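Bear in mind that the values in this text are calculations on the coordinates, not laboratory data. Note that the structure is predicted; figures quoted are calculated from it, not measured. Glycine gets a Cβ as well: all are built from the backbone with ideal geometry, and neighbour counts include every protein chain shown.
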Amino acid sequence: MKKVIGFVGSARKGGNTDILVRQVLAGAGAEGDETKIFYLDDLEYQGCQGCRYCKMNEGCRVDDAMTMLYQELIAADGIVLGTPVYFGQMSGQTKLFLDRWYALLNPDFSSRLPEGKKMVLVVVQGDADPKMFEPMVNHLEDTMGFFGIAMVETIVAAGVMGLGDVAKEPDIINKGLAAGKKLGKAIASQGK
């Protein structure tokens, strides 16, 4: 059984990012994948210390919740990363999490993650224009490529701000479910 893990970079459980990440995971689960979700706001981890320990050793010298998340990232076949847009950027929880991925790079900046990982990126924003924060979305996609993670789909849920508003948008909900199924199929077809 393949494994898909989801990360919610919002503090609002039951909020738009949470709902949409769960939809993507439900789609992957419908394809037979084992799924697991992590709420970044519930985990205790600090920012990258810039000590470069990870460039001289395997792993990070800071032993916190990221130690467990590194193992989850290494073991996962698929990743769903969800973040709301706050002041034109990913949430602070998401940024702190991604900064710590520095330990997943070798000294030559090649990825330490096993090859073949796939991702669905979920970005939720209050602004109704889906292209409003496109540079930030592109940056996230490029970052995943840097780690050798193939982007299966990016969902930008625009114009949803109130708690749970995305649940009233069947097109976005269906897009999340379809993206999860697409992710499951992409993982299953790998190596055939």
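Classify region 141-192 from the C-alpha gyration tensor, please: rounded if a/c falls under 1.5, else prolate or oblate depending on whether a/b exceeds b/c.
Working: a/c = 4.23, a/b = 1.69, b/c = 2.50.
It is oblate, given that a/c is not under 1.5 and a/b is not larger than b/c.
What are the ³J(HN,Hα) values, in whole Hz, obtained from phi via the Karplus relation 6.51 cos²θ - 1.76 cosθ + 1.60 with θ = phi - 60°, for each residue of region 52-69 in sequence order, with x given for Gly and Pro?
6, 3, 5, 8, 10, 9, 7, x, 9, 6, 7, 9, 9, 4, 5, 4, 5, 5
Please arrange F38, F87 by how many other C-beta atoms lie within 10 Å of their C-beta, fewest to most.
On the way: F38 18, F87 6.
Final ranking by Cβ density, sparse to dense: F87, F38.
Using amide H atoms built in the peptide plane, which far-off residues or other-chain residues are under 5 Å from A157 H to H?
So A157 has HN proximity to V123, V124, Q125.
Using +1 at the C-beta of Lys and Arg and -1 at the C-beta of Asp and Glu, which of P114, Y70, V152 has the Cα lying farthest in the positive direction of the dipole of region 3-189?
Farthest towards the positive end: P114.
At a Cα cut-off below 18 Å, give the aspartates and glutamates reachable from K55, other chains included and same-chain residues fewer than 8 away excluded.
Excluding near neighbours in sequence, the set is D63, D99, D108.
Which pairs break 24 Å Cα to Cα here: K117/K182; K131/K185; K118/K168; K95/K168?
On the way: K117/K182 14 Å; K131/K185 28 Å; K118/K168 28 Å; K95/K168 28 Å.
The answer is K131/K185; K118/K168; K95/K168.
For the chain, set up a Gaussian network in which alpha carbons nearer than 10 Å are linked by springs, and say which option among D171, D77, D18 fluctuates the most.
With Cα springs under 10 Å in the chain, the top fluctuation among D171, D77, D18 is at D171.
By count of other Cβ within 10 Å, fewest leading, how are S110, S91 ordered?
Working: S110 11, S91 22.
Arranged by neighbour count, lowest to highest, S110, S91 become S110, S91.
For K2, list the aspartates and glutamates whose Cα falls under 20 Å from its own Cα; do not include residues on the same chain fewer than 8 positions away.
Within reach: E31, D33, E34, E72, D77, E115, E153.
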